[in-house]
Every structure is written in C-alpha cells, then in structure tokens.
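The values are calculated or read from the model by the stated rules, or taken from the named source; none is laboratory data. Bear in mind that the values here come from a model prediction, so they are computed numbers and not experimental data. Here the Cβ positions follow ideal geometry from the backbone for every residue, glycine too, while neighbour counts run over all protein chains shown.
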Amino acid sequence: MARDLRPKCKLCRRAGMKLFLKGIRCVTEKCAVAKRPTPPGMQKRQRSKPSYYALQLREKQKAKSVYGLLERQFRRFFEIAHKSEGATGQILIQELERRLDNIVFRSLFALSRSQARQFVRHGFIFIDNRRVDIPSFLVKKDQVIELRIGQKMNDLIKENIQISAKEKSVPEWLSVDNQNHKITIKRLPTKDDITIPMQEQLIVELYSK
C-alpha cells in the first residue's frame, strides 16, 4: 500500500496550522507549528504574493495531507463527488469525512489518522458485526462501528481519549460510547462539522481546469 512519507511537521508548517498528523506531538510544546509558525525553507528571502493557482494547489495539498491521501486516491474522491448531485465541494468533504479511518480518529480513539488506519488494518474494527479492514470504507447513516480489543489496547484507547480531548471534541454527527468502544453514525457530515478550515471551492476549480 502506497503511503505519503514526507515529514509531517513540514506539512503542518506549510499549511500554517495544526493538521494533527503526528499524534501526541501535536498537543505538546514540541509541536512544530507552535515552535516555528513560518513555512519551511529559507526565511530571509522576501516571499512574493502567491498566484491564484498557487492558492488552489496549496488547498488541495492541505486536504490531501489532512486525510493522508495520495494524488490518485484524492482524485478518485473528487470524481465521485463530481458525478454526484449537489455541490461538488461539499460532497467531496462529506465523502472524505465518511472514511472509516477518519471516523475512528474523529471519535478520539486514535491520536492521528495514521494510527486510526493501523487500527483498521489490524482488524480491530467491526461495522454492524462484520469485520472491516479497509481504511477507505465509506460509512452510512445509522451504521454502528465497534472496536473489539484486548486490555492492552483498551488502556491505549483510554489514554488517547484523554490526550485528544485537550484540543478536540467528538463531532455532533457521531455518537460515541467510550465504555464499549462503539460509534453510531447519527447523520452524514457537512462542511460545518470539519475542524480544519478548508476552501473546497478552490480544489474544485483546480480540478475543473
């Protein structure tokens, strides 16, 4: 399986905000954005105003970094959104939020989406009593997601929840039972439910050229 191996902290600095790509490091004083809020690279050179294309490209790169996707994967989600009825940008955000690894992360069970992806790959996730080990699986309304884990993993999940709760909260479209490690999809997500500001229209314009 192909992965994005670029330095995670540089991606956050380039975006100018925390993307929560490094787990516990993102909620401590070691966070690269907190220590060096400037973009990576030479700082003495005067940076010119970015072109509109550069803004579009940066927004797409930020979205790919947030959800941990490569270009081919991200393009596939855009094509699904483009063929669907409704606003392409809003549907794109909804499709990305519905990914199984993202839901495990948004439920605070994992410190990062990469850790959530590991949980899925290792077979800990069950949807409606059926094991699902595909991180890109798209959940539907009213589905119930359950983590079936041992005591060691249970302690890890409790620690993750305590750490994540310092800077994040569970979105309203999810109902989470921390005691039994269950997640219920109350409704489909909307743009208002995302925690990282994203201008999806710039992404749509970039791909529509």
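Residue by residue, here is whether (1) polar (S, T, N, Q); (2) surrounded by 17 or more Cβ atoms within 10 Å (Cβ to Cβ); (3) in the same structural domain as TYR67 (by TED's automatic domain parsing); (4) out of contact with any helix residue (DSSP H, G or I) (no Cβ under 7 Å at 6 or more places or on another chain) holds:
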position	(1), (2), (3), (4)
VAL139	no, yes, no, no
ILE145	no, yes, no, no
GLN151	yes, no, no, yes
ASN154	yes, no, no, yes
ILE157	no, yes, no, yes
GLN162	yes, no, no, yes
PRO171	no, yes, no, no
SER175	yes, no, no, yes
ASN180	yes, no, no, yes
In the stretch 102-137, residues that are of a type in the set (S, T, N, Q), without any contact (Cβ under 8 Å) to a residue 60 or more places away in the chain and buried (at least 17 other Cβ atoms within 10 Å of the Cβ) total 1
Exactly one of ARG99, ARG75 is within 30 Å of GLN201 (Cα to Cα) and either over 19 Å from the mean Cα position of the chain (by Cα) or crowded, with 18+ Cβ neighbours inside 10 Å (or both), and that residue is ARG99
Residues in the stretch 189-209 that are β-branched (Val, Ile, Thr) and not in a loop (DSSP other than H, G, I, E, B) total 2
Across the stretch 108-117, the tally of residues that are assigned to a helix (DSSP H, G or I) and either under 17 Å from ILE161 (Cβ atoms) or touching a Cys at 6+ places or on another chain (Cβ under 7 Å) (or both) stands at 3
Contact list, first residue from the stretch 157-181 and among the hydrophobic types (A, V, I, L, M, F, W, C), second anywhere and part of a helix (DSSP H, G or I) and surrounded by fewer than 18 Cβ atoms within 10 Å (Cβ to Cβ), beta-carbon distance below 6 Å, six or more apart or interchain, is ILE163/ILE24; TRP173/ASP193
Inset, instruction - Consider PHE126 carefully, then state whether it is aromatic (Phe, Trp, Tyr) and over 25 Å from ILE91 (Cα atoms). - result: yes
Scanning the stretch 125-140 residue by residue, the ones that are on the phi > 0 side of the Ramachandran plot and of a type in the set (S, T, N, Q) total 1
Of the residues in the stretch 63-90, those that are assigned to a helix (DSSP H, G or I) and over 22 Å from SER112 (Cα atoms) come to ARG75, ARG76, PHE78, GLU79, ILE80, ALA81, HIS82, LYS83, THR88, GLY89, GLN90
Note on GLY68: of the conditions (1) surrounded by fewer than 21 Cβ atoms within 10 Å (Cβ to Cβ); (2) touching a residue at least 40 places away in the same chain (Cβ under 8 Å); (3) closer than 30 Å to LEU156 by Cα, unmet is (1)
